[in-house]
1. Only one of A18, A91 is modelled with pLDDT of 85 or more and either exposed (fewer than 10 other Cβ atoms within 10 Å of the Cβ) or outside any helix (DSSP H, G or I) (or both); which?
2. Looking for something modelled with pLDDT of 90 or more, open to solvent by less than 90 Å² (accessible area, probe 1.4 Å) and acidic (D, E) - is there at least one such residue anywhere in the range 27-41?
Amino acid sequence: MTRLPDRFIEDRALRDAARAVLVEDIENLRDSLSQQGIASRVSSGVKTTVTSRLSAGVRDLMAELREQAGERKGLVALLVGAIVLFFARGAIFAWLEELLTETDDDDTDDGADPPAAAPEGDPA
């Protein structure tokens with residue numbers, strides 16, 4: 001058997017050490033993924049990023065709105081009123097429908113008694 005050069009033995013030792021580290025990293029990754037799937041990791045990362053960007057944008061928008069609201073109070077009041085009416089539209093339409101059906105019932109009532117029901121059974 002031929003004797004291997006020292007450089008070859010050192011390279012093999014480094015390769016084996018790197019492989020051991022890689023295998024350990026893969027095992028850690030598998031354990032981590034078994035606890036939380038890739039999809040949930042991605043969605044939580046995206047959710048965190050989107051939430052932080054959205055909250056920063058909302059803060060900027062609110063600061064701008066506060067500045068503009070001081071100059072246009074009437075417009076802000078009109079906008080708030082429109083939003084309230086929009087969300088209350090279902091209740092408002094129900095109330096109007098109720099009013100209209102009450103007036104229709106009052107119009108058809110001419111004060112006369114309703115016709116008597118026909119007697120049941122054989123008339124003979």
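The values are calculated or read from the model by the stated rules, or taken from the named source; none is laboratory data. For clarity, every value in this text was computed on a predicted model and none was experimentally measured. Positions of Cβ are generated from backbone atoms using ideal geometry, with glycine treated the same way; all protein chains shown enter the neighbour counts. Calculation scope for accessible area: heavy atoms of the full protein, side chains included, ligands and nucleic acids excluded. Shrake-Rupley method; radii C 1.70, N 1.55, O 1.52, S 1.80 Å.
1. Values: A18 fails: either exposed (fewer than 10 other Cβ atoms within 10 Å of the Cβ) or outside any helix (DSSP H, G or I) (or both).
Testing whether each residue is modelled with pLDDT of 85 or more and either exposed (fewer than 10 other Cβ atoms within 10 Å of the Cβ) or outside any helix (DSSP H, G or I) (or both) leaves just A91.
2. Pass one, the range 27-41, residues modelled with pLDDT of 90 or more: 27.
Still in the list and also open to solvent by less than 90 Å² (accessible area, probe 1.4 Å): none.
Among the residues of the range 27-41, not one is modelled with pLDDT of 90 or more, open to solvent by less than 90 Å² (accessible area, probe 1.4 Å) and acidic (D, E), which makes the answer no.
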